[in-house]
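Worksheet for the structure shown next.
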Amino acid sequence: MKNFLNTLFVTTQGSYLFKDGLTIAIKVEDKVMMRIPVHTVAGIICFGQVSCSPYLMAFCAENNVSISFLTEDGRFLASVRGTVSGNVLLRRQQFRMADDPQICAKIASSCVTAKLANCRTVLDRALRDHKDKIDVSSIKSVSERLFQYIKKELSHDIALERVRGIEGDAAHQYFGVFDNLIVTQKDDFFLNGRNRRPPLDNMNCLLSYLYTILSHDVRSALESVGLDPAVGFLHRDRPGRYGLALDLMEEFRPFIADRLALSLVNLRQIKKDGFDKKESGAVLMNDETRKIVLTAYQARKKDEIIHPFINEKIQVGNLFHLQALLLARYIRGDIDGYPPFIWK
């Protein structure tokens, strides 16, 4: 099993990263704030006005450490990576399979099944933990609808467009009751449907931020096993979009991002003064809140679970790599189907 390595998040504006021996050094206003051995880092994410030396970029590429550049509010800009890993035959097979509607439907159905099952677990845990504070009947109704999709349609042969339709309706239903799961700070954190680019309220801002971080980790995992993160099965090809990373993300959104967002709000670890509303209506996190969110995300990745397919204890942070490996094995023909991650 791949050892769990940290992602380095750089949020302090004006930071400069450079190579210092075998370490990644971070300088702010001509003062070196820290040095981190490169072998302990899996990736670097730079938010906003953060720059890197060309020598550091080459050093990270040589050591398989990806560097991603995002806007301060988390919109992806660019990335720096080393030589593409893996077997070219694996990628060619991935491309062939992505052109076959039946294979796409099979893989997409697995990903969406896991997403819906994990969404149901989020809803069912809320019923268990907060049944006296939430609209029980609405949440039970949505949970049952998701279950029927899994049992009656996704468990059988199904057209790709129908899989996409189910995923879209399920997301609409799920986020339609998501506001019920927020049981504290209701005046400041609410969700009346998803909005993005830009997010227009605190909760959407938090969710979008977590999804951006998650997408970086999933994309890196796919590249590490030799798959092309841009060529997906559920999400079709589009310039600048990592379709396969979005496919694989679906099963992790509820388990990692949604649950973490709810915990941060319901436990009052973040508050309304950590968000700023711009004249355009866009909502952004301040630097202190970003640090709280990133620290909580890293801590979540260190939790241990029993993986339902391999039946072994692993860290949550290794899930992305393991699922990417399982998908690569299916594409190579080593296993009969892709076993998605279903949270129990």
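Taking the conditions exactly as written (touching a Gly at 6+ places or on another chain (Cβ under 9 Å), part of a loop (DSSP other than H, G, I, E, B) and open to solvent by less than 10 Å² (accessible area, probe 1.4 Å)), does GLY232 satisfy them or not? Yes, satisfied.
When each of SER109, SER66 is tested for being in contact with a Leu (Cβ under 9 Å, 6 or more places away or on another chain), among the hydroxyl-bearing types (Ser, Thr, Tyr) and surrounded by 20 or more Cβ atoms within 10 Å (Cβ to Cβ), the lone residue that passes is SER109. The residues of segment 122-141 that are surrounded by 17 or more Cβ atoms within 10 Å (Cβ to Cβ) and either of a type in the set (D, E, K, R) or under 21 Å from GLU251 (Cβ atoms) (or both), listed by number, are VAL122, LEU123, ALA126, ILE139.
Among the residues of segment 30-75, those that are over 15 Å from HIS216 (Cβ atoms) and in a strand (DSSP E or B) comprise LYS31, VAL32, MET33, MET34, ARG35, ILE36, PRO37, SER51, CYS52.
Of all residues in segment 157-166, how many are open to solvent by 30 Å² or more (accessible area, probe 1.4 Å) and either touching a residue at least 60 places away in the same chain (Cβ under 8 Å) or more than 11 Å from ALA105 (Cβ to Cβ) (or both)? So the answer is 2.
Among the residues of segment 190-209, some residue qualifies, meaning at least one is in contact with an Asp or Glu (Cβ under 6 Å, 6 or more places away or on another chain), part of a loop (DSSP other than H, G, I, E, B) and open to solvent by less than 10 Å² (accessible area, probe 1.4 Å). Among all positions in segment 139-161, there is at least one residue which is over 24 Å from ASN195 (Cα atoms) and among the aromatic types (Phe, Trp, Tyr).
Here is a list: ARG128, ARG92, ARG145. Which entry is basic (Lys, Arg) and touching a helix residue (DSSP H, G or I) at 6+ places or on another chain (Cβ under 8 Å)?
ARG145
For segment 51-69, the set of residues classified as within 23 Å of VAL293 (Cα to Cα) and at pLDDT 90 or above consists of SER51 only.
Every condition in (1) open to solvent by 20 Å² or more (accessible area, probe 1.4 Å); (2) small (Gly, Ala, Ser); (3) farther than 28 Å from ILE166 by Cβ is met by GLY226 except one, and the failing one is (1).
Taken as a whole, the structure leaves GLN94 outside the set of residues that are under 29 Å from ARG241 (Cα atoms) and either part of a loop (DSSP other than H, G, I, E, B) or touching a Lys or Arg at 6+ places or on another chain (Cβ under 7 Å) (or both). If the condition is being of a type outside the set (A, V, I, L, M), within 22 Å of SER79 (Cα to Cα) and in contact with a Phe, Trp or Tyr (Cβ under 9 Å, 6 or more places away or on another chain), then segment 176-220 contributes ARG196, THR212, SER215, HIS216, ASP217, ARG219, SER220.
Pairing residues of segment 292-311 that are of a type in the set (Val, Ile, Thr) with residues that are modelled with pLDDT of 85 or more and open to solvent by less than 50 Å² (accessible area, probe 1.4 Å), at Cβ distances under 6 Å and at least 6 apart in sequence or on separate chains, gives ILE292/ILE270.
Can you find even one residue in segment 69-78 that is buried (at least 20 other Cβ atoms within 10 Å of the Cβ) and of a type in the set (Gly, Ala, Ser)? Yes, because at least one residue in segment 69-78 is buried (at least 20 other Cβ atoms within 10 Å of the Cβ) and of a type in the set (Gly, Ala, Ser). Criterion first (modelled with pLDDT of 90 or more and over 25 Å from ARG197 (Cβ atoms)) does ARG268 satisfy it? Yes; evaluated as a whole, the condition is true for this residue. The condition (being more than 21 Å from ALA282 (Cα to Cα), at pLDDT below 90, assigned to a helix (DSSP H, G or I) and open to solvent by 40 Å² or more (accessible area, probe 1.4 Å)) is satisfied by just one residue among GLU153, GLU144: GLU153. Exactly one residue among ILE139, ILE134 is part of a helix (DSSP H, G or I) and β-branched (Val, Ile, Thr), and that residue is ILE139. Segment 236-344 holds strands (runs of 3 or more DSSP E) entirely within its bounds, and those carrying 1 or more residues that are buried (at least 17 other Cβ atoms within 10 Å of the Cβ) map to 275-277, 283-285, 313-315.
The values are calculated or read from the model by the stated rules, or taken from the named source; none is laboratory data. Predicted model only: the values in this text are computed from it and were never measured. Glycine also receives a Cβ, built like all others from the backbone with ideal geometry; neighbour counts cover every protein chain displayed. What goes into the accessible areas is simple: the full protein's heavy atoms, side chains included, and nothing from ligands, DNA or RNA. Shrake-Rupley method; radii C 1.70, N 1.55, O 1.52, S 1.80 Å.
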